[in-house]
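Taking it in order: structure first as structure tokens, then the write-up.
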Amino acid sequence: MGSVAATVASMLFSGGCRSLAVPAAGRSLIISRTTLRNHRNKNAPSWCCRSSHNSYTALATESEFSKTDSESLTASTSSDSFPKYDRLLPCPLHKTPPRVEHLVVSEGGPVLEHICKALELPPLYVKDLIQFGAVYYALVCPQPPPTATEEQIRVYKEVTEPSVLRQRASIKGKTVREAQKTFRITHADQFVEPGTYLRVHVHPKRFPRCYEIDWRSRIIAVAESYVVLDKPAGTSKSQIQHSTIVIALRLTLRLARLVEFVGGRTQLVGGTTDNIEESCATFATRALGLTAPLMTTHQIDNCTEGCVVLARTKEYCSVFHGKIRVKKVKKLYRALASSPMPTGIITHYMRPINMAPRLISEDFIKGWHMCQLEIQECRKVPWPTPAIQDKYHVEDCGWPYQDSAYECKINLLTGRTHQIRAQFAACRAPLIGDSMYMPAAIADMSNPGLNPFGKYKRDFSSESEKETAVVNWIAQHGKEPGVAIGLQACQISWDDDEHFYESGSPWWRC
């Protein structure tokens, strides 16, 4: 692959592109250098390109973005724009904006050497990124989005030309789609051949609260096949990680967004896409002195505390998943709501789009997923004191001050992501501290009809008018909570209560 002029693709919410500078030498073609920065504009990004003549080539990038984790995007590739890189540990207390780099290898060699030279990062920092699980590879570069420039498309075609791919023994017998599946880099000396795609999460999402917890005291039970953990709020959610990730395009409400879809056989390790080190599974494993890592079996939000089942073997992962599929696992939750809720079963329908915020409708909509929960009891309790809120970093979301909150016991009948949070907010009883859904509930209460799927929804004269209303409704939601919200997975049981476990007191009772 010959040297070509570099075109750096960046995603911007607003104007004011800064000048871009890219290193002058190296062995990788830079697909993109993207940083995500805070901004209040919640609309979809546009693609902005600048040129710089050197031996790198840049293509358009993908970024799974939502208002929760990329409220604005500003491109900057000058080395002076980034912080000084040393080591990932100790964990910084301050947040850094996400930075994801996409590279195509032009000369074979150790992956550590490629990343260090291409991104001007110190070797120890790159080794830390690999240990954190923040570096991925694919044998073939994924296809850029429709908004890519002609130059970006040309470069992509150059590295994926059939005549070029036929010369690569590593992809013989594979379809291009199979060769575009991404895998985590596990060793710093792993060899990468020319044409290999690399995705580097230079600023992994960090979880400083992991270092504040007495993890041994959070262990509820240790069995031969599993461990039950009372997960603290503000720690890495028990996210299911997969051995393969396929980058694909999805159009949502006419806004082009690239998201990652998962496929292949499941490997459950906990953590996030770019950080498997600072996870509940990792810290629980160390607290118990186990030699084999614990593996997560089900999901729970970072901001939620309570019972989590960690498998000690891959076999038990499969066993527990089977129990979930046949509904042998029962979960009860405690929720601290800002308004009273009626007892009984509450039903909504959730939009089938894997992106936050989760939108729900009171009325049936074809293709939307049914969400059901049963409120078994709702009792009046004191609103958490300012001292307790400060201790657990509970965010003030603009809800009017009041003396009382409402603690609800919930039997979760369907397990959708953000289900309890979204359903309570739709009932105008958002959970305390829920900085994503409470602002939308406040907006809906002050402006009935704002929610296009709510009780007071209005009629729309056209589909485009409704889509605009949906985009505006999404914009009313806030960011994902930083630490704790009023939600606890208080009880988990399976096999007709043969295995039955309860968490400790929720944070708001402390």
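The values are calculated or read from the model by the stated rules, or taken from the named source; none is laboratory data. Note that the structure is a prediction, hence the values are computed from the model and not measured. When we count neighbours, we look across all protein chains shown, and the Cβ atoms used for this are built from the backbone with ideal geometry, even at glycine. Accessible surface areas use protein heavy atoms only, side chains included; no ligands, DNA or RNA. Shrake-Rupley method; radii C 1.70, N 1.55, O 1.52, S 1.80 Å.
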Item to check | the stretch 297-350 and the stretch 136-166: distance between their alpha carbon centers, rounded to Å | outcome: 41 Å
Checklist entry - For the pair GLU498 and ASN472, how long in nm is the line joining their label points, each one 7 Å along Cα→Cβ? => result 5.6 nm
Item to check | Under 16 Å from the Cα of LYS181 - lysines, other chains or at least 8 residues apart | outcome: LYS172
Item to check | Sparse-neighbour loop sites [GluC sites (Glu not before Pro); the stretch 440-506; at most 11 other C-beta within 10 Å; DSSP] | outcome: GLU498
Next on the checklist: Checking the cross-link filter: which aspartates and glutamates have an alpha carbon closer than 12 Å to that of LYS327, excluding same-chain neighbours under 8 positions apart?
Outcome noted: ASP495, ASP496
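Could you give the length gained by full extension between GLU107 and LYS391, i.e. 0.36 nm per residue of separation minus their alpha carbon distance, to one decimal place?
Details: separation 284, 0.36 × 284 = 102.24 nm, distance 5.14 nm.
Separation in residues times 0.36 nm, less the Cα-Cα distance, equals 97.1 nm.
Using 0.36 nm times the number of residues separating ASN354 and ALA292, minus their current alpha carbon distance, what extension gain do you get? List each step's numbers first, then the result.
On the way: separation 62, 0.36 × 62 = 22.32 nm, distance 3.17 nm.
Gain in length upon complete extension: 19.2 nm.
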Item to check | Partners for LYS455 among lysines (Cα-Cα distance below 28 Å; same-chain residues under 8 apart left out) | outcome: LYS42, LYS67, LYS366, LYS380, LYS409, LYS466, LYS479
Checklist entry - Which distance in nm do the two modelled labels at GLU161 and ILE365 give, with both placed 7 Å along the Cα-to-Cβ direction? => result 4.7 nm
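How about the stretch 161-243: which trypsin sites (Lys or Arg not before Pro) there lie in a loop by DSSP and see at most 11 other Cβ atoms within 10 Å?
Values: sites: ARG166, ARG168, LYS172, LYS174, ARG177, LYS181, ARG184, ARG199, LYS205, ARG206, ARG209, ARG216, ARG218, LYS237; in loops: ARG166, ARG168, LYS172, LYS174, LYS181, LYS205, ARG206, LYS237.
Answer in residue order: ARG166, LYS172.
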Checklist entry - For ARG458 and SER170, FRET efficiency with R0 = 45 Å and r from the beta-carbon atoms, rounded to 0.05? => result 0.20
Checklist outcome for this item: Of the residues ASN451, PRO430, SER462, the Cα lying farthest along the dipole of the stretch 422-471 towards its positive end, which is defined by charges on the beta carbon of Lys, Arg, Asp and Glu, belongs to PRO430
Checklist outcome for this item: So the carbon and sulfur contribution to the accessible area of the stretch 107-196, 1.4 Å probe, in percent, is 55 percent
Item to check | Of VAL104, LEU93, VAL126, farthest towards positive along the dipole that unit charges on Lys, Arg, Asp, Glu beta carbons give the stretch 89-132 | outcome: LEU93
Item to check | Within the accessible area of the stretch 424-510 (1.4 Å probe), percent carbon and sulfur | outcome: 47 percent
Next on the checklist: Taking 30 Å as R0, compute the FRET efficiency from the Cβ-Cβ separation of ARG379 and GLU212 and round it to 0.05.
Outcome noted: 0.45
